[in-house]
Ligand code: FES
């Protein structure tokens, strides 16, 4: 094609730039790939997510939908090209309000906000919601974004960073926030070495099929620009990966048989411009479809196609926790309720599809990609590629959301294979549909339970069984099967208990980790039945939960004696809101016929860290001769805030100002192993390692002085000063001999939470500490349409110790948004909803007001008393909403999500 210059002018630092491009190319690609304006993020290439929002002549547009010729002669603004005071104010407001978490949506959100603020400097919330309605955020729950935009022109002044020893508990701004609001953050697709080859994946179009290849050499030769075609025959190591090593079963490239729709079977590697345009439907592969199953019932049925020869009946694993004689206790109970509940696949729907780049540095393979688990990636990738671990270096890029799915390998072994085979740098980016096909999902579930109570309303016993659809490969199925029976009672004293679970293979997408590891599904079952039981006992629903809430010194169903149990405090914190909301609902309903208001409540508890398994984190802290503190922390911050929270803990433990700290990593070459970002473990476990390292380093420093632990440490240029107010000691750092890492003082400490293995009845100490919470939903249900609107969520969570209240609130609001999606709208249907217009997640207009109540009941095991929070905040949301829907309409929802037709059907069933 004869490419003509197009007069496309971009305002970049006041300069008009003329670019040359294929007239039909997407504006987003031109801006990113030709002009290097990487703040323009690509989340879907379909105008669904809004991450690529730019301003064209001052109006917001999705750049992925616009052929570049269409904006010829226009002024196009991206985040990095705007230079005005208004943007600075907006950035300050985003930092102050904690409005950016992972930050992948932030440039698009800010461009849309700029459009509004230029015409309406002081918008009201409804105007912000209208203007930002086209940009999705999966992390924040939008509330802090709304607050930030409304406050932008008020001019936030950054509060000074706290003094030494005062960082914990302060709402300091995210330490890594500046890059997020400037658009400079480097996500998986934002970096690749010059002239890197592009890698694309050939995927199975069938749920289950055998396949064979034609002449791959001929096909490659017929496609100029193709450098290599790779199949499982090219995998040099053990072609099996999985997060649980002894159950690793997923091939990087399938070997003659594909077990799920979208499974990778081959790679095409070559020059980017040629490979981008390749029609992979011409790839020489012949398919022979096989019988397949998609639901857990189909997978478990006799005669179902078997996924793995060594797993009869498609059973991956079973879980069990038993104490007492639950069946007998139920038979003797004054009241017994029971039910069956079903949930479907739920997609993580992070805005950043999986992406990364890889290259050789000498004989070391370097992979820079989005991930939640760098050391696990290093181990698994090295195994697949047949390399010793030290020959693989993982540098996590910024992750544009993860929520559990980026714990599993995605691009890493494929990039590594392409680099090893071609000897050239390579890059790859999953399309939205590839991401949704190939990434893990929340386990679909079928759960049955019965719960009894005595005449006074005290719980007597519970039986529970859950089948969880783990999809084609193991992934985190064993974790879900183990964790669910431990938690299925909820945070209530249950003297007799029999809970079992089963992870069932199907040809559905691989189910993995998704914020809660099956506990959110179990909470739906238990909390909806507790409403039934409260009603049977004639008790108020909140009072019933308060009566049965676990207390200090009581035993969990696993036989663990619990300490510092925060659930009573959480329920008590809701009481006044419950009374107010109930009165308001009654008043509303007295005057409204079609729309009815209802309230619901649900609780949660959640063990932080691995279940009954070792789970260590290691932190290194060093002091440089120049007087800076370097915190080597390998925990990936996927938006939850660990970069800031762990630094706050380290600063206070060491006794220095947080401004003295520089972050290092994560990077497997630079940071010790902090484990994976999962199971609400980083604040607890890595935070505790940081506290230990800080304390050890402080003691080492003070030993060089004549002062005790009360001394105050101050760092200056090359000088450390310690004083107790009377005596003073100086250490000239520049004069000390640095160690191999360049530090004149250093400490490296590991923390592994004390747990014990569970016996055959699930008895033991599965977790060293738990977090607790309770949420209350207020909803309106249209009785004619079956639609539900959540108008307010009140969330009380016990954090043990609040490290950073703004970040904690952000976690709560974001978790509630995902819980709302689980309750009301999200259902992934393989083969049908592999995009963000058929798979719907909450938009800014769906989010209710959120009232967060932060409770501090310190846990003796937590760092400075702190507990984890990330998963807890999602667990009670869906059952609280569903209980409110029932309160408003009478509809007892037993299959999620509560789509309007299901609400109407459930109303008919109860009438
Ligand atoms: Fe919005 Fe992560 S902060 S998607």
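Residues of region 496-513 with the amide nitrogen closer than 18 Å to a label point 7 Å from the Cα of residue 761, along Cα-to-Cβ, please.
Flagged as within label range: 496-501.
What's log10 of I(q)/I(0) for region 614-721 at q = 0.13, 0.19 Å⁻¹, Debye sum over Cα points only, no solvent?
Listed by q, the Debye log ratios stand at -0.45, -0.90.
For region 440-542, take every pair of Cα atoms, bin their distances at 10 Å starting from 0, and report each bin as a whole percent.
16, 44, 25, 12, 2
Return the Rg/Rh value of region 793-911, two decimal places, where both radii are evaluated on C-alpha atoms and Rh is the Kirkwood radius.
Answer for region 793-911: 1.07.
With a/c under 1.5 counting as rounded, go ahead and sort region 95-194 into rounded, prolate or oblate using the C-alpha gyration tensor (a ≥ b ≥ c being the square roots of the eigenvalues; past the cut-off, prolate if a/b is larger than b/c, else oblate).
Oblate, since a/c reaches 1.5 and b/c is not below a/b.
With a 10 Å Cβ neighbour count serving as the proxy for reagent exposure, in which order, fewest first, do 275, 875 appear?
275, 875
For region 718-828, taking Cα atoms only, what is the radius of gyration to one decimal and the Dmax to the nearest whole Å?
When restricted to Cα atoms, region 718-828 yields Rg and Dmax of 25.7, 79 Å.
Sort 544-556, 157-169 by packing, meaning the average of other beta carbons within 10 Å per residue, with the highest value first. It would help to have the intermediate numbers written out before the result.
Values: 544-556: 18.8, 157-169: 15.4.
Output ranking for 544-556, 157-169: 544-556, 157-169.
For region 795-864, what is the convex hull volume of its Cα atoms per residue in Å³?
Considering the Cα atoms of region 795-864, their hull volume per residue is 123 Å³.
Decide, for region 583-630, between rounded, prolate and oblate: order the square roots of the alpha carbon gyration tensor eigenvalues as a ≥ b ≥ c, take rounded if a/c falls under 1.5, and otherwise choose prolate if a/b is larger than b/c, else oblate.
Oblate is the answer for region 583-630, as a/c is 1.5 or above yet b/c matches or exceeds a/b.
Under 1.5 on a/c is rounded, so check that first for region 238-304, then, if it is not, pick prolate when a/b is larger than b/c and oblate when it is not; a ≥ b ≥ c are the square roots of the alpha carbon gyration tensor eigenvalues. Show your work: numbers first, answer last.
On the way: a/c = 2.87, a/b = 1.60, b/c = 1.80.
Oblate.
Given a Förster distance of 41 angstrom, what is the FRET efficiency for residue 287 paired with residue 583, based on the Cβ-Cβ distance and rounded to 0.05? Please report the intermediate quantities before stating the final value.
Numbers: r = 62 Å, r/R0 = 1.51.
Step by step, r from the Cβ atoms, then E = 0.10.
How much length is gained on full extension from residue 390 to residue 274, taking 0.36 nm per residue of separation minus their Cα-Cα distance?
Answer, rounded to one decimal: 38.4 nm.
Taking 10 °C and 1.306 mPa s as the conditions, I'd like the Stokes-Einstein D for region 247-371 in µm²/s, using the Kirkwood hydrodynamic radius from alpha carbon pairs.
77 µm²/s
If packing is taken as the average count of other Cβ atoms within 10 Å, what order do 290-302, 727-739, 775-787 fall into, highest mean first?
Put in order of decreasing packing, that is 775-787, 290-302, 727-739.
Need the C-alpha centroid separation for region 540-575 versus region 310-385, integer Å.
28 Å
Three principal axis extents, largest first, for the C-alpha atoms of the chain, in Å?
Here the Cα extents, ordered largest to smallest, are 82, 81, 59 Å.
Highest mean first, what order results for 352-362, 277-287, 54-64, 307-317 on Cβ atoms within 10 Å?
352-362, 54-64, 307-317, 277-287
Once the piece of chain linking residue 740 and residue 360 is laid out straight, how much longer is it, given 0.36 nm per residue of separation minus the C-alpha distance between them?
On the way: separation 380, 0.36 × 380 = 136.80 nm, distance 2.50 nm.
Answer, rounded to one decimal: 134.3 nm.
Between residue 302 and residue 832, what is the FRET efficiency for a Förster distance of 45 Å, r being their Cβ-Cβ separation, to the nearest 0.05?
Details: r = 28 Å, r/R0 = 0.61.
So the FRET efficiency works out to roughly 0.95.
For region 73-113, take the alpha-carbon Rg, divide it by the Kirkwood Rh, and send me Rg/Rh.
On the way: Rg = 10.9 Å, Rh = 11.0 Å.
Dividing the radius of gyration by the Kirkwood radius yields 1.00.
If r is the Cβ-Cβ distance from residue 83 to residue 590 and R0 is 45 Å, what FRET efficiency results, to the nearest 0.05? The partial results should precede the final answer.
Numbers: r = 56 Å, r/R0 = 1.25.
For R0 = 45 Å, the calculated efficiency reads 0.20.
Per DSSP H run of n ≥ 4, the term is -39500 (n - 2.57); total these for the chain, divide by its residue number, and report the mean residue ellipticity at 222 nm rounded to 500 deg cm²/dmol.
My calculation for the chain gives -8000 deg cm²/dmol from helical runs alone.
In region 482-498, whose amide N lies under 16 Å from the spot 7 Å out along Cα-to-Cβ of residue 332? List them in ranges.
So the set is 494-498.
Just so you know, all these numbers are worked out from the coordinates, no wet-lab data involved. Please read all numbers here as calculations on a predicted model, not as lab measurements. Cβ atoms come from the backbone with ideal geometry, glycine included; neighbour counts cover every protein chain shown.
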